[in-house]
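Below you'll find the structure, written out as structure tokens, and then a few comments.
The values are calculated or read from the model by the stated rules, or taken from the named source; none is laboratory data. Just so you know, these numbers come straight off a predicted model, no measurement behind them. Here the Cβ positions follow ideal geometry from the backbone for every residue, glycine too, while neighbour counts run over all protein chains shown.
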Amino acid sequence: MNKFKIPVIISLAFSFFVLAGCNTEEDKRIVSDDLDNNITKISKTSQVDQSLSNDAKEFVLNKDNVTGVRGVNTATRLFIAVEIAQLEQFNEQDIGKEIKKELQKKYSNKKVEVSSDQKLFFELDELEKQVQNNNIKREKLTKKFDELEKLLNDEA
Amino acid sequence: MSNNKKKKLTPTQQEYQQFANNREVVKRPLLKNCIKAFLVGGIICVIGQLISTFYMYFFKFTEQNVGNPTVATLIFITMLLTGFGVYDRLAQFAGAGSAVPVTGFGNAVISAAIEHRTEGFVLGVGGNIFKLAGPVIVFGVFSAFIVALIKTILIQWGGL
């Protein structure tokens, strides 16, 4: 039995490490190590200026019940995903709406979308990496924004 | 049992009552069972959370609709485990911990199908597959209807 088990475990572990090595995107963002203040910032070298979303992310993270934030902006739109503190997650949709209202007031010339959904958090995290590495063109970013908005309003 | 009813019992029944009262009652290890159920139920939920995170990360599911594929996957896994006879052992160990999550529902469906397989596919499997799960669905749908009705009334008239 043992003879059989050990090679299986080793091959499984090996394949895991190989697959984990196949990471899609190198992360060059400024990342905070604090788990309660999980924020990433995109440096100014990116094609689409991200100072607005960096600013908005800092504003959102200053709230007590927000533990993490990701966001990307284009010239006309701003997309923010928030991670809400564990016990506050019961009203995460209300908190998201409140943040959206505040951000819309702050950046009245932009179309603001805020989501507390984990899926949007994952997607924006990946998008941030692409924007940071200049791997995404302006038109593609707009297309991606449309896609995210569709995902956000998908009720099925 | 009240004295009035006791008098109506036949001698054999009275004898049995006497026997049942004198029998040594084994005390159930309540706390131990609760801990077992808590642990196993918790592990099943962790697996469910892993599956739903997997679906969110690799497919286009949001937190709103990731529940559907997660439940389907969990039930599918339970069906396989029930067929191989693994889930029964787990259920003997964990009790309610394995019956309360949605996996218990899958187990109830498949075990009934296996049990009545010999009676034929229509009257056996078809007639009995929802023997236990049927009431769960009926009460679930009915209580959802009642809750939706209350919510509608509150929103329409209560201005909630």
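Exactly one residue out of B:119, B:24, B:15 is among the acidic types (Asp, Glu) and either at pLDDT 90 or above or touching a helix residue (DSSP H, G or I) at 6+ places or on another chain (Cβ under 6 Å) (or both): that is B:119. When the range A:129-156 is limited to residues that are farther than 23 Å from residue A:116 by Cα and of a type in the set (S, T, N, Q), the one that is farthest from the other protein chains (Cβ to nearest Cβ) turns out to be A:134.
Residue count for the range B:7-35 under the criterion of being within 24 Å of residue B:95 (Cβ to Cβ), in a helix (DSSP H, G or I) and not hydrophobic (A, V, I, L, M, F, W, C): the result is 2.
Scan the range A:116-128 for residues that are closer than 8 Å to residue A:81 by Cβ and more than 14 Å from every other protein chain (Cβ to nearest Cβ) and the total you get is 0. Within the range B:80-101, residues that are more than 19 Å from residue B:133 (Cα to Cα) have Cβ atoms under 7 Å from residues that are outside any helix (DSSP H, G or I) in no pair, counting only partners at least 6 apart in sequence or on another chain. Scanning the range B:39-97 for residues that are of a type outside the set (Gly, Ala, Ser), in contact with a helix residue (DSSP H, G or I) (Cβ under 8 Å, 6 or more places away or on another chain), part of a helix (DSSP H, G or I) and under 30 Å from residue A:126 (Cα atoms) gives B:44, B:47, B:51, B:53, B:55, B:56, B:57, B:69, B:70, B:71, B:73, B:74.
Would you confirm, using the coordinates I've provided, whether residue B:127 is assigned to a helix (DSSP H, G or I), within 25 Å of residue B:94 (Cα to Cα) and at pLDDT 90 or above? No; evaluated as a whole, the condition is false for this residue.
Would you say residue B:40 is under 30 Å from residue A:82 (Cα atoms) and among the aliphatic types (A, V, I, L, M)? No, not satisfied. Pairing each residue of the range B:56-74 that is within 10 Å of another protein chain (Cβ to nearest Cβ) with any residue that is in a loop (DSSP other than H, G, I, E, B), provided the two are 6+ apart or on different chains, yields C-beta distances under 6 Å for B:56/B:66; B:62/A:117; B:63/A:117; B:65/A:156.
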